1. Taking the Cα centre of each part, how many Å lie between segment 230-268 and segment 83-134?
2. Go ahead and run the numbers for FRET between Asp275 and Thr176, Cβ-Cβ distance against an R0 of 41 Å, rounding to 0.05.
3. Using the heavy atoms of the protein chains alone and a 1.4 angstrom probe, what is the accessible area of the chain per residue in square angstrom?
4. What share of the DSSP beta bridges in the chain is antiparallel, in percent to the nearest 5?
5. Could you check the simple spin-label distance between Glu237 and Arg77, using points 7 Å along Cα→Cβ, in nm with one decimal?
6. Enumerate the lysines that Lys188 could reach by cross-link, defined here as Cα to Cα under 27 Å, with residues fewer than 8 away along the same chain left out.
7. At a 1.4 Å probe radius, carbon and sulfur cover how many percent of the accessible area of the chain?
8. For the ranges 221-227, 209-215, 33-39, what's the packing order if you count other beta-carbon atoms within 10 Å of each residue, average per peptide, and put the highest first?
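The values are calculated or read from the model by the stated rules, or taken from the named source; none is laboratory data. A quick note: this is a predicted structure, and the numbers were derived from the prediction, not measured. Neighbour counts run over all protein chains shown; Cβ positions are idealised from the backbone, glycine included. Ligands, DNA and RNA are stripped out before the accessible areas are found, and what is left, the full protein with its side chains, is counted by its heavy atoms. Shrake-Rupley method; radii C 1.70, N 1.55, O 1.52, S 1.80 Å.
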Amino acid sequence: MGWSMEQAGAETQGVEAAAAGPDEGRRARPPMALSPSRAGDFMQCPLLYRFRVIDKLPEKPSAAATRGTVVHAVLERLFDAPAAERTAAGAREMVPGEWERLLAKRPELAELFADDPEGERLAGWLAEAAALVERWFSLEDPTRLEPADRELYVETVLDSGLQLRGFIDRVDVAPTGEVRIVDYKTGKAPRPQYAEGALFQMKFYALVVWRLRGVVPRRLQLVYLGSGDVLTYDPSEADLRGVERKLLALWEAIRLATETGDWRPRPTKLCGWCDHQAHCPEFGGTPPVYPLQVRPADGGVVPQGRMETI
């Protein structure tokens with residue numbers, strides 16, 4: 001949402017579509033804002049960013065991502081109850097209901113278990129989600145927490161004009177005014193050498209909160225339910241200024257790729273899980289016709305499909 005990285009992609013796209021209108025959000029449009037998920041996409045593979053943001057190619061539902069959405073929903077709604085009623089057993093019981101609620105909103109998710117007539121895989125999947133929810137109680141005590149915000153949508157425009165936005169899982173505010181940003185991850189904690197990549201999302205949110213509220217968050221906290229680890233980081237103004245410079249450079253690269261139509265694939269081990277191999281040159285595929293106008297180096301315009309007015 002930030003949410004987990006599992007949720008952030010779909011939800012950020014949904015916000016963009018809602019802002020654009022019922023029809024415009026589905027048409028090809030130049031990027032207008034940056035979220036942690038989309039920034040991560042571009043850093044991972046510029047072509048993946050294009051497929052998701054500009055071409056808006058469909059992706060198959062993922063059991064792991066959907067499980068993450070259910071777990072996040074439980075951890076959000078748990079705080080609707082009085083502190084004394086926030087128990088592990090009660091949270092586990094919420095899992096099937098949150099799955100049904102999600103399924104009602106997104107009926108296409110039923111295809112995840114289309115070949116499971118007896119419901120055995122679904123039962124196992126729900127049990128895995130319940131186990132993740134229960135593990136959270138060994139990492140934090142919800143009876144002692146009263147979040148200031150849950151699933152908080154944040155948006156700001158930097159002095160450069162770059163718009164940043166996303167969803168934050170939880171914001172805690174101490175009586176002294178100190179802010180803690182918390183994000184739930186349903187996977188395992190990364191190895192130490194990869195921790196910086198995981199913290200990038202949190203620093204992104206910290207920058208947005210700082211620009212919105214004028215307060216640098218005291219702590220960033222990643223809660224990994226898959227491994228039972230908690231990763232924390234205390235940012236400084238210098239950290240966040242560095243993040244802002246990185247995002248500006250990233251946005252400039254995205255702007256240039258948008259104008260030139262030059263979206264190059266960046267092969268990694270993650271390619272094996274990509275839904276867009278049929279369109280990727282690395283797998284012998286051909287990308288769709290670029291739906292935006294291309295501006296070559298001489299300043300002219302080469303039509304590459306329909307250009308929508310923003």
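1. 35
2. Values: r = 46 Å, r/R0 = 1.12.
E between Asp275 and Thr176, to the nearest 0.05, is 0.35.
3. On the way: 15570 Å² over 310 residues.
Using a 1.4 Å probe on heavy atoms only, each residue of the chain averages 50 Å².
4. 70
5. 4.3
6. Within reach: Lys60, Lys203, Lys246, Lys269.
7. 52
8. Numbers: 221-227: 20.0, 209-215: 14.9, 33-39: 23.4.
Those peptides, ordered most packed to least, come out 33-39, 221-227, 209-215.
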